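What follows is a single structure, written as structure tokens, with notes after it.
The values are calculated or read from the model by the stated rules, or taken from the named source; none is laboratory data. Values in this document were obtained by computation on a predicted structure and should not be read as measured data. Cβ sites come from the backbone with ideal geometry, for glycine too, and all protein chains shown count toward neighbours. Side chains are part of the model used for accessible areas, which takes the heavy atoms of the whole protein and leaves out ligands, DNA and RNA. Shrake-Rupley method; radii C 1.70, N 1.55, O 1.52, S 1.80 Å.
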Amino acid sequence: LHNMRTLAALAPDRRLFKARETMDVYAPLADRLGISSVKWELEDLSFFWLEPEEYQRIARMVQDSRAQREDDTNAAIKTLTDELDSVGLKNFQITGRPKHLWSIYQKMVRKGREFSGIYDLIALRVITQSVRDCYSVLGAVHSLWHPLPGRFKDYIATPKANLYQSLHTTVIGPDGRPIEIQIRTAEMH
């Protein structure tokens, strides 16, 4: 990660070699080890050097929509917090997370979508104290907003190969915009 952050000090051919190596080896390794924040940063740094024009294009689109996404994220957090309070859930934390640039680009290329067709630009993460609370939050989310068909994954009952556990759902939130919600315990997080 440090090497990728300081890649500008290398000759152009070495930058490209290290960026490709990172994208092919180290980012997938970070993913396999379950350290997503490192994976995302490695991918975005590699993307910056490997596809500079596409990187800048995606960065501009994300920046252009950032203010609206921040407003929508804050409104969704407030609505969900009020709902969880009203059903008596205690000791939870809700945060928003931005989708990283490489992931946006990959989704656009892989699924042939325009930027406006990416569903998880607005994403929330709910951290609870128990597995039971995770499923209670899921029930509250689905009673508050309509879930998108085929966009629910239960990685608590069936963890990923790297032992990742979480509930994932995508719902149609306020103003008809999709919101991806991840729900997990503090231990899972």
Original post:
Is it the case that the stretch 122-144 has a residue that's of a type in the set (Val, Ile, Thr), under 15 Å from the mean Cα position of the chain (by Cα) and in a loop (DSSP other than H, G, I, E, B)?
Top reply: yes
Original post:
Is it true that residue 164 is open to solvent by less than 80 Å² (accessible area, probe 1.4 Å) and over 30 Å from residue 48 (Cα atoms)?
Top reply: no
Original post:
Any idea which of (1) under 14 Å from the mean Cα position of the chain (by Cα); (2) at pLDDT below 95; (3) outside any loop (DSSP other than H, G, I, E, B); (4) buried (at least 16 other Cβ atoms within 10 Å of the Cβ) is the one residue 171 doesn't satisfy?
Top reply: (1)
Subject >> Meets criteria (farther than 20 Å from residue 189 by Cα and either in contact with a His (Cβ under 8 Å, 6 or more places away or on another chain) or of a type outside the set (Gly, Ala, Ser) (or both)) for residue 115 >> reply: yes
Original post:
So which of 121, 148 is in contact with a helix residue (DSSP H, G or I) (Cβ under 8 Å, 6 or more places away or on another chain), modelled with pLDDT under 95 and under 23 Å from residue 70 (Cα atoms)?
Top reply: 121
